[in-house]
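First the structure, in the form of structure tokens, and then the observations on it.
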Amino acid sequence: MSFDVQKIREDFPILKRSVNGYPLVYLDNAATSQKPQEVIDCIVAYYSTYNANIHRGVHTLSQEATEAYEEARKKIQKHFHIQYPEEVIFTSGTTHGINLVANGFSSLLNEGDEILVSAMEHHSNIVPWQMLCERTGAILKVIPMNEKGELVMEVFENLLTEKTQLVFVNHVSNALGTINPIEEIIQKSHKVGAAVLIDGAQSCAHIKPNLQTLDADFYVASAHKMCGPTGVGMLYGKKEWLEKLPPYQGGGEMIKEVTFEKTTYAGLPHKFEAGTPNIAGGIAFGAAIDYLHKIGFEAIANYENELLEYATSELLKIKGLKIYGTSKKKTSVISFNLEGIHPFDIGTIVDKLGIAVRTGHHCAQPIMDFYKIPGTVRASFSFYNTKEEVDRLVKAVQKAQMMLS
Amino acid sequence: MTIATLQEELIEEFSLFDDWLDKYEHIIELGKSLPLIEDTLKTDDKLIKGCQSKVWLHAEMKEGNIIFTADSDAIITKGIIAVLIRVFSNQTPEEIIQADTSFIDEIGLKEHLSPTRANGLVSMIKQMKLYAVAFQAQKTT
């Protein structure tokens, strides 16, 4: 079956709107993806027909809501090739998942233990570990990157020692689009007995990982990056790890028995799911996964690669344009600057032309410091973008260049 | 000239532009013509950190009026700074404290003053007013 992008665009109501008098060109997909009608309908259906609190009620609505929510957990389990449904913890998003793990490790780390993070992490995968180091006396070490925006694996191997307890890397860099060699990182980390957390926030919309064959210890992702709603995400943890980690938050749902003397905690996954969760969000996360499967991850990857190649070659025709992140293995993200022009100015002009791109440091200041730039313009493409939209971006950037230089 | 007159002048100046392109071209020109803050004054204590573009602001008193100089690393931000400086510089602290900024809305640059824009301009206006309050306090003590 050929990839019919025009037909796919029909599924996304927002793509019909215009911005500043121009048809919207949405190229900020790495920040958040747009939502297809069926995901929106799923949220509406929940609130209009079976809204109830889950896991507690004996009444019909509560049971329907519980079933739908648990069904969504199974969809996530299946999608990411996770062995047990209880290894899927619903979170409010990637950041929540990372903090949950970092907090859990507070009681497992000792002074002098080492934690490795990559030089291309989002702030959300740096700050929680710094906080963890402050609490425990562990030491944070950084896997450096090269000019192309690839991790320097030789240095990584040297940094790995028997002191290394944890390794955290993103599967894909949000600022550069680099796909990191997580298979190799996981294998090598396991050889020294370190646990590995993979931040899938930027990859989950493009790459469908098999978490069992990958052998990741933890994996986190957000629904809103993959056509689902904001405010919901998933944490995968190997059962033995999740059993070892203490609960993150206390409250309802996560207990087995409570007396004022002592509380015993519920089993997985409820131990980590205190309080009423984002029920509609969780169910719609499942609907988003269903939607993406209908399009097909292979088709998505092929089409997005095509867009990436086309956009890269067209943008590079602009004199003075430099792309940051030129790894051979990339998702459809292009971070760039025009010589002598501040990214903020380019972003302002292209927005006026109806094009949504991101400008700034993309919550990855260490990367900007590495390249000694204040930020970049980032265009990130999704399977519902078109070559015509790439052309509009190129024209808009040319216009901005003309006006600003 | 009073702040109110200067604001009216700017509203008239900007009303000449029919579309956003011309207006932005004008702002960019203003940005380019802005006398730069002296490099020795571009220190961290003069830096107003927006999330995206940086703004440096310096203030000094001359014959009862506050003189502002400023700079930014982004040219559009700089153009808007030029507009603000034209209105607020060389005025008394009292006038600066009392002045409102609704003219920004009228010249069609409101979006740049939304707090979510993160370009440092909102903080810049706040900082200008703070300088005015500080200089006024100095005068009265």
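Cα-Cα over 24 Å: which of A:K225/A:K271; A:K148/A:K319; A:K322/A:K372; A:K317/A:K352?
Correct reply: A:K225/A:K271.
May I have the extent of the alpha carbons of the range A:300-405 along their three principal axes, as whole Å values ordered from largest to smallest?
34, 30, 22
Which is farthest toward the positive dipole end of the range A:40-293 among A:I198, A:M254, A:G93, measuring Cα position about the Cα centre, with Cβ charges +1 (Lys, Arg) and -1 (Asp, Glu)?
Farthest towards the positive end: A:M254.
Once the whole set of protein chains is in place, how much accessible area is left on A:M403, using a 1.4 Å probe, in Å² to the nearest 10?
Using a 1.4 Å probe on the heavy atoms, I get roughly 10 Å².
What percentages, rounded to whole numbers, describe P(r) for the range A:17-61 computed over all alpha carbon pairs with 5 Å bin width beginning at zero?
Calculated P(r), rounded to whole percents: 5, 15, 14, 15, 14, 11, 10, 6, 5, 3, 1.
Working with all protein chains in place, sort B:T140, B:T69 by solvent-accessible area computed with a 1.4 Å probe, largest first.
Result of the area sort, largest leading: B:T140, B:T69.
Roll a 1.4 Å probe over the protein heavy atoms and report the accessible area of A:E240 in Å², nearest 10.
The value for A:E240 is about 110 Å².
How much solvent-accessible surface does A:Y324 expose, in Å² to the nearest 10, with a 1.4 Å probe and all protein chains in place?
Roll a 1.4 Å probe over it and A:Y324 shows about 20 Å².
How large is the charge dipole for the range B:3-140, taken about the Cα centre, if only the Cβ atoms of Lys, Arg (+1) and Asp, Glu (-1) carry charge, to the nearest 20 debye?
660
Who wins for biggest fluctuation among A:R378, A:R392, A:R56 in a Gaussian network model of chain A, springs between alpha carbons below 10 Å?
Answer for the Gaussian network model of chain A: A:R56.
Mind ranking A:T49, A:T164, A:T259 by accessible surface for me, highest first, 1.4 Å probe?
A:T49, A:T259, A:T164
With a 1.4 Å probe and every protein chain left in place, work out the accessible area per residue of the range B:3-140 in Å², rounded to a whole number.
I get 49 Å² per residue for this part.
Counting only protein heavy atoms, what percent of the accessible surface of the range B:3-140 is carbon or sulfur at a 1.4 Å probe?
Heavy-atom surface of the range B:3-140 belonging to carbon and sulfur, 1.4 Å probe: 51 percent.
State whether the range A:1-160 is rounded, prolate or oblate according to the following rule on the C-alpha gyration tensor (a ≥ b ≥ c being the square roots of its eigenvalues): a/c under 1.5 gives rounded; otherwise a/b larger than b/c gives prolate, and the remaining case gives oblate.
The shape class here is oblate.
Helix-derived [θ] at 222 nm for chain B: sum -39500 (n - 2.57) over DSSP H runs of at least 4, divide by residue count, nearest 500?
Helix contribution divided over all residues of chain B: -16000 deg cm²/dmol.
Hey, can you grab everything whose amide H is under 5 Å from the amide H of A:I143? Only 5+ residues off in sequence or another chain; H modelled, so Pro and N-termini drop out.
A:V117, A:S118, A:A119
State, as an integer percentage, the relative contact order of chain B based on alpha-carbon contacts under 8 Å between residues 6 or more apart.
RCO, chain B: 28 percent.
Using Cα pairs closer than 8 Å and at least 6 residues apart in sequence, work out the relative contact order for chain A, in percent.
Over chain A, the number comes to 23 percent.
Below 14 angstrom from the Cβ of A:E304, what's the summed charge of the other residues (Lys, Arg +1; Asp, Glu -1)?
That sum, taken over residues with Cβ under 14 Å, equals +1.
Can you run the Rg to Rh ratio on the range A:110-186? Use alpha carbon positions and the Kirkwood inverse-distance Rh.
0.96
I need the Kirkwood Rh of the range B:3-140: take the reciprocal of the average 1/r across all distinct C-alpha pairs and report it in angstrom.
Here the Kirkwood hydrodynamic radius works out to 15.2 Å.
Can you list the equivalent-ellipsoid semi-axes of the range A:51-126, largest first and in whole Å, using the square root of 5 times each Cα gyration tensor eigenvalue?
34, 15, 12
Report the far tail of the P(r) of the protein assembly as shown, meaning the percent of Cα-Cα pairs longer than 32 Å.
Everything past 32 Å amounts to 53 percent.
Give me the base-10 log of I(q)/I(0) for the range A:125-246 at each q in 0.16 Å⁻¹, Debye formula, one uniform scatterer per Cα, rounded to two decimals.
Calculated log10 I(q)/I(0) at the listed q: -0.84.
Among B:Q91, B:L47, B:I67, whose Cα sits farthest toward the positive end of the charge dipole of the range B:17-103 (+1 at Cβ of Lys/Arg, -1 at Cβ of Asp/Glu, about the Cα centre)?
Result: B:L47.
Heavy atoms only, probe 1.4 Å: what % of the accessible area of the range A:142-190 goes to carbon and sulfur, would you let me know?
50
With charges set only on the Cβ (+1 for Lys and Arg, -1 for Asp and Glu), what does the dipole of the range A:40-293 come to about its Cα centre, in debye to the nearest 20?
260
Tell me which of A:I349, A:G231, A:S62 sits at the most positive position along the dipole axis of the protein assembly as shown, charges placed on C-beta atoms (Lys, Arg +1; Asp, Glu -1).
Towards the positive end, the residue furthest out is A:S62.
Translational diffusion coefficient of the range A:40-293 at 4 °C, 1.567 mPa s, Stokes-Einstein with Kirkwood Rh over Cα pairs, in µm²/s as a whole number.
The calculation lands on 69 µm²/s.
In Å² (nearest 100), what accessible area is buried between B and A, both sides summed, heavy protein atoms only, 1.4 Å probe?
Summing both sides, the interface buries roughly 1500 Å².
Roughly how many debye, to the nearest 20, is the charge dipole of the protein assembly as shown about its Cα centre, given +1 on each Lys and Arg Cβ, -1 on each Asp and Glu Cβ, and no other charges?
Using only the charged Cβ atoms, the result is roughly 600 debye.
The values are calculated or read from the model by the stated rules, or taken from the named source; none is laboratory data. Small disclaimer: the values here were computed from a predicted structure and weren't measured. Using ideal geometry, Cβ is built from the backbone for each residue, glycine included, and neighbour counts are taken over all protein chains shown. Protein only, heavy atoms only, side chains kept; ligands, DNA and RNA dropped before computing areas. Shrake-Rupley method; radii C 1.70, N 1.55, O 1.52, S 1.80 Å.
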